[in-house]
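What follows draws every value from the coordinates through simple rules; no lab data is involved. Computed from a prediction, not measured in an experiment: that's the story for all the values here. Please note: Cβ atoms are built from the backbone with ideal geometry, for glycine as well, and neighbour counts cover all protein chains shown.
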Amino acid sequence: MTRTLPDMSSPARTVAVAATDGMLHFELALAAEVFGSAPDGVPGPWYEVEVCGAQPVRVGRFLLEPDRGLDRLAQAGTVIVPALADVDADPPTDLVDALRAAHAAGARVVSLCTGVFALAAAGLLDGLRATTHWAHTEVLAARYPRIEVDPDVLYVDNGRVLTSAGKAAAMDLCLHLIRLDHGSAVANALARRLVVPPHRAGGQAQFVSTPVPAQDDHPLAELLPWILERLDQPLTVEDLARRANLSSRHLGRQFRAATGTTPLQWLLTQRIRRAQELLERTDESVDAIAVASGMGTATTLRRHFHRTLGVPPDTYRRTFRS
């Protein structure tokens, strides 16, 4: 997926939070908090957050007076749709129409938890991959068969249309947007202020009706930090299995349960994140960063970096270097 790094000039930096009767206050408040104020040290402009609705709306137990009408969504750079309480009812027609108009105008449209049902009703997810809270993925798939529903991930990024799983996964997706717009250093600083992890590995499958072992007893509890300290070294699945005192096959099962992915894919993700940090924070050459992140050569780093983030390392550095 090719991605154009966002221009944070107004109105592109406007974040419009759609509000309508029957939304849940947790996700709405979360979006307002994440995008509402910048962490210390942000070198450029931050977002302008507006809550948009057709009239005073009931959000959870509270009556909310919106800042602007729903027509404002079409003028925003990013549109956030918080969770809907009743997934059995059709989303309000005025909201669905406003989302279509916003998407047609070029806005980035984001759903948190069951807000995905509004995006689905607007047809914005046809032919795309999407997710929502695990308790509602079967309903979403049955009602909208043209959507590829993935019940195992925390969020899905399709470029201009993004969806998250339930509750805490909304925070994961919001921080992902910050990382895309401002870089890892700013996203990490904001996560520290909010006292949340800047990135959680794995998917929501690990939270669905399965016992989660205590951290000290988890087979990967010592292995994952050990890997992060050695990203500059060549590591194979056999190396990791030997360190964890597991067979390679058993290690793969443990990784899938704990992180939602394979050992090598998790390792590649961590190498790319290390490269992002070094590109943002140091003057090291791409060749040196390739070695430090365990990619080996600049050619390998550029290939994986571009395939994952949609831009080459040099472009990423020029965009996010503070």
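Values computed for the structure shown
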read-out	value
Under 5 Å, built H, 5+ apart or other chain: amide partners of Tyr155	Ala165
Where labels lie 7 Å past Cα in the beta-carbon direction, separation of Leu268 and Glu65 in nm	5.3
Centroid-to-centroid separation of region 150-169 and region 30-96 [C-alpha atoms, Å]	18
Cut-off 19 Å, label 7 Å out along Cα→Cβ of Asp88, residues of region 129-170 by amide N	133-144
Rounded to 5, the percent of DSSP beta bridges in the chain classed as antiparallel	25
Label point distance in nm, Arg160-Arg146, each placed 7 Å from Cα along Cα→Cβ	1.6
Rough spin-label spacing in nm, given labels placed 7 Å along Cα→Cβ, for Asp97 and His250	6.2
Mean Cβ count within 10 Å, highest first, over the residues of peptides 110-120, 187-197	110-120, 187-197
Most to least packed among 173-179, 286-292, 149-155 [average Cβ atoms within 10 Å]	173-179, 149-155, 286-292
